[in-house]
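Here is the structure we will look at, set down as structure tokens.
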Amino acid sequence: MMDFSKLKPARDVAIVGIGSTEFGEHWNKSLRELAGEAGSKALHDAKIDPEEIQLLVGGNMSGGMFVGQEHGAGLFADYLGINPKPSMRTEAACASGSVAARVGFMAVASGMYDVVAVGGAEKMTDVSGETATSVLAGAMDQENEAFHGLTFPGVYAFLANRHMHEYGTTREQIAMIPVKNHKNGSLNPIAHFKNKITVADVLGSALVSDPLRLLDCSPISDGAASIIMVPAEKAKDYSDNPIYIRASAQASDSLTVHDRRDITTLDATVWAAKEAYQRSGLTPKDINFAEVHDCFSINELIAYEDLGFAKKGEGGKLIESGDVEIGGRIPINTSGGLKAKGHPVGATGIAQLYELVEQLRGEAGKRQVDNARYGLAHNVGGSGATVVVHILSNER
Amino acid sequence: MPEFAVPFHWRNFRKRYSLIGSRCPVCGRYFYPERHICPVCKRTVKIEEVMFSGKGKVFTYTVVRVPPEGFKIYAPYIVAIIELEEGAKITGQVVDCDPGEIKIGMPVEAVFRKIRSEHESGIVLYGTKFKPAK
Ligand SMILES: [Zn+2]
């Protein structure tokens with residue numbers, strides 16, 4: 001394993017503007033309207049005009065399959081008044097947004113550009129639930145997984161059954177995760193779901209893919225989010241409270257789950273986290289709060305272990321301890337997570353950074369984490385072939 | 001998913017109709033499906049083609065109750081990761097088994113079965129499933 005602590009970006013990078021739509025079922029808004037709304041809010045937040053933007057990077061998993069629109073970055077650049085500056089789309093399934101943020105980060109860190117807009121958008125509710133399930137299944141191995149009728153809930157059910165088998169993790173422990181995330185989502189004005197639920201609700205909801213039930217699964221949502229990045233040395237010209245990107249890290253693993261070294265771990269999370277900790281000089285103990293990829297309840301539990309917040313096999317104990325609640329030692333998914341805030345796949349990675357920035361600015365209202373200094377975002381593409389980890393701070 | 005032209009399926013018939021995988025001559029590990037490079041050793045060597053026996057054990061499983069397009073008439077059905085006796089793992093359905101009976105560690109063997117029909121074109125897709133071993 002290489003040592004990332006010696007690799008220094010040419011410049012530090014800061015976030016000086018954020019924007020997001022509400023997440024949910026937006027029957028009255030198209031993909032371009034959602035992206036336009038989020039981008040426009042980020043420009044207003046940074047108090048800059050579109051003509052100052054030098055590059056647009058947009059994450060979108062499957063505009064082509066969800067609404068028949070490919071080449072979304074070209075559309076949004078025009079819609080946001082960024083032409084003739086360059087635009088590009090990134091795709092890494094549910095990590096498309098974080099990869100866009102990472103490309104934007106690298107563009108500023110390298111000195112190639114000074115003012116970069118990154119974003120993520122997905123419009124998922126214009127197709128039937130069955131079609132959406134099939135489109136999402138496109139992010140797994142078509143010939144060796146999807147061909148056999150496997151679905152994304154099915155993949156994470158594989159992980160859940162094996163984790164329960166190897167470590168004695170209980171169904172009740174796993175059910176506590178969506179309960180916590182709905183509680184947090186109830187405090188978030190832009191969340192898809194603002195209702196609280198109980199462990200009994202989770203365990204009583206319909207089986208989707210045994211042992212996972214409906215309330216273990218993140219919803220199919222529409223939404224978009226955007227952020228503006230500039231070099232850290234110029235950040236104060238744009239914002240009184242810039243937030244600094246202390247690490248941007250990414251790792252890959254086999255797309256096919258059966259080829260993984262260990263099915264109870266996402267190795268790409270372990271590697272990306274290790275890179276992020278090395279680049280930032282921080283350890284898991286330094287992190288004050290995190291947004292993690294709870295596409296399915298079990299994946300948040302596994303992320304506790306893979307990110308170093310719990311020992312391997314002890315994710316169940318961590319959720320039981322209450323440490324991951326707002327007010328606890330390390331609040332996780334203060335936004336409501338993918339489960340309650342919503343999961344418009346291409347937007348999710350940017351939405352996680354949006355929550356980190358609100359918390360680090362001290363603008364998270366009833367969800368505010370006390371003394372928030374270091375926040376971590378963990379975004380998984382598909383079943384873990386791509387994982388991106390960012391660490392942000394309000395200190396440079 | 002789009003309705004693909006016949007070659008999309010035709011080119012895969014050999015792989016779908018038999019359990020062909022790879023063996024790395026350096027570390028001896030087996031893989032399914034075939035690969036050109038061993039993901040563990042990552043060396044530029046000639047990978048060997050192997051035919052698996054089809055015998056193995058359930059490593060993990062699920063029962064799909066909300067199926068994707070094309071699988072509605074089969075739901076609920078079991079999909080599992082099978083650890084083959086050679087050591088490679090493979091994903092496939094377990095049939096001739098009640099969803100309440102499936103367990104990690106259960107011995108299974110490969111069977112040749114229909115997977116589904118493709119859209120209106122009516123191409124019938126076949127492949128490997130597994131059933132409980134006697
Ligand atoms: Zn090898």
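Rounded to whole numbers, the Karplus 3J(HN,Hα) couplings from phi for the stretch A:368-381 are 4, 8, 5, 6, 5, 10, 10, x, 10, 10, 10, 10, 10, x Hz, using 6.51 cos²θ - 1.76 cosθ + 1.60 with θ = phi - 60°, and x at Gly and Pro. Among rounded, prolate and oblate, which fits the stretch A:1-144 when a ≥ b ≥ c are the square roots of the eigenvalues of its C-alpha gyration tensor, a/c under 1.5 means rounded, and a/b larger than b/c means prolate? The shape class here is oblate.
Against the globular-protein guess of 2.2 N^0.38 Å, express the Cα radius of gyration of the stretch B:54-132 as a ratio, rounded to two decimals.
Numbers: Rg = 12.8 Å, N = 79, 2.2 N^0.38 = 11.6 Å.
Taking the Cα Rg and dividing by 2.2 N^0.38 Å, one obtains 1.11.
For residue A:333, nonlocal amide neighbours, meaning residues 5 or more places apart or on other chains whose placed amide H falls under 5 Å from its own, are A:290, A:291, A:292.
For the peptide A:356-362, the mean number of other protein chain Cβ atoms found within 10 angstrom of a residue's Cβ is 0. The mean number of partner chain beta-carbon atoms within 10 angstrom of a residue's beta-carbon across peptide A:114-126 is 0.
Dipole check for the stretch B:54-132: with +1 at the C-beta of Lys and Arg, -1 at the C-beta of Asp and Glu, and the Cα centre as origin, the magnitude is about 80 Debye.
If I measure Cβ to Cβ between cysteines in the protein assembly as shown, which ones have no partner under 4.7 Å? Among the cysteines of the protein assembly as shown, those whose Cβ sits 4.7 Å or more from every other are A:94, A:217, A:295, B:27, B:97.
In the structure shown, do any of A:8/A:274; A:85/A:341; A:123/A:312 have a Cα-Cα gap over 27 Å, and if so which?
Numbers: A:8/A:274 15 Å; A:85/A:341 32 Å; A:123/A:312 36 Å.
Going by Cα-Cα distance, A:85/A:341; A:123/A:312 fall outside the 27 Å limit.
Annotation: amide H-H contacts under 5 Å for residue A:94 (H modelled 1.01 Å from N, sequence separation of 5 or more, or interchain): A:382.
Going down the list A:285/A:311; A:339/B:129; A:194/A:317, which pairs span over 24 Å between their C-alpha atoms?
Details: A:285/A:311 12 Å; A:339/B:129 33 Å; A:194/A:317 26 Å.
Cα-Cα > 24 Å for A:339/B:129; A:194/A:317; rest within.
Please say if the protein assembly as shown is rounded, prolate or oblate, where rounded means a/c under 1.5 for a ≥ b ≥ c the square roots of the C-alpha gyration tensor eigenvalues, and otherwise the choice is prolate for a/b larger than b/c and oblate otherwise? Prolate is the answer for the protein assembly as shown, as a/c is 1.5 or above and a/b outweighs b/c. The residue list A:98, A:121, A:138 was ranked by how far each Cα lies along the charge dipole of the stretch A:93-175 toward its positive end, using unit charges on Cβ atoms, and A:98 comes out on top.
The string of couplings for the stretch A:121-137 from the Karplus curve (6.51, -1.76, 1.60, θ = phi - 60°) is 8, 8, 10, 10, 9, 7, 10, 5, x, 5, 5, 4, 4, 5, 4, 5, 5 Hz, one whole number per residue in order, with x for Gly and Pro. Put a dot 7 Å past the Cα of residue A:236, heading toward its Cβ, do the same for residue B:103, and the two dots end up 6.8 nm apart.
The string of couplings for the stretch A:97-114 from the Karplus curve (6.51, -1.76, 1.60, θ = phi - 60°) is x, 5, 5, 4, 4, 5, 5, x, 4, 5, 5, 6, 4, 6, x, 5, 9, 9 Hz, one whole number per residue in order, with x for Gly and Pro. Placing a label point 7 Å from the Cα of residue A:28 along the Cα-to-Cβ direction, the residues of the stretch A:191-223 whose backbone N falls under 17 Å from that point are A:222-223. With a ≥ b ≥ c the root eigenvalues of the C-alpha gyration tensor of the stretch B:54-93, is it rounded (a/c under 1.5), prolate (a/b larger than b/c) or oblate? It comes out prolate by the Cα gyration axes. Put simply, the amide H of residue A:212, placed in the peptide plane, has no neighbours under 5 Å, leaving out anything fewer than 5 places away on its chain.
The label point for residue A:261 and the one for residue A:329, both projected 7 Å from the Cα toward the Cβ, are 2.6 nm apart.
Dipole of the stretch A:178-271, Cα-centred, from +1 at each Lys and Arg C-beta and -1 at each Asp and Glu C-beta, to the nearest 20 debye? The partial results should precede the final answer.
Values: 10 positive and 11 negative charges, 72 e Å.
In debye, rounded to 20, the stretch A:178-271 gives about 340.
As a length-normalised measure over Cα pairs under 8 Å and 6 or more apart, the relative contact order of the stretch A:302-396 settles at 17 percent. A Cβ-based charge dipole, computed about the Cα centre of the stretch A:46-135 with Lys and Arg at +1 and Asp and Glu at -1, lands at about 180 debye.
Provide the FRET efficiency to the nearest 0.05 for the residue B:29-residue A:126 pair, computing r from the beta carbons and using R0 = 45 Å.
Numbers: r = 44 Å, r/R0 = 0.99.
Efficiency, rounded to the nearest 0.05: 0.50.
Inter-chain neighbour count for A:151-159: the average number of beta-carbon atoms from partner chains within 10 Å of each residue's beta-carbon is 5. Helix A:267-280 and the longest principal axis of the Cα set of chain A meet at an angle near 40°. Computed over chain B, relative contact order equals 22 percent, with contacts defined as Cα pairs under 8 Å that lie 6+ residues apart. Across the stretch A:152-258, the convex hull enclosing all Cα atoms gives 174 Å³ per residue.
Please give the calculated 222 nm ellipticity per residue for the protein assembly as shown, where each DSSP H segment of at least 4 residues contributes -39500 (n - 2.57) and the sum is spread over every residue; nearest 500 deg cm²/dmol? Working shown, then result.
Working: 16 runs with 155 residues, N = 530.
Only helices count here, giving -8500 deg cm²/dmol.
A simple spin-label model places the labels of residue A:1 and residue B:112 4.6 nm from each other, with each point 7 Å out along Cα-to-Cβ.
Where a number appears in this text, it was derived from the coordinates with a stated rule and is not lab data. The shown structure was predicted, so the numbers you read here are calculated from the model rather than taken from an experiment. As a convention, Cβ positions derive from the backbone with ideal geometry for all residues, glycine included, and neighbour counts pool all protein chains shown.
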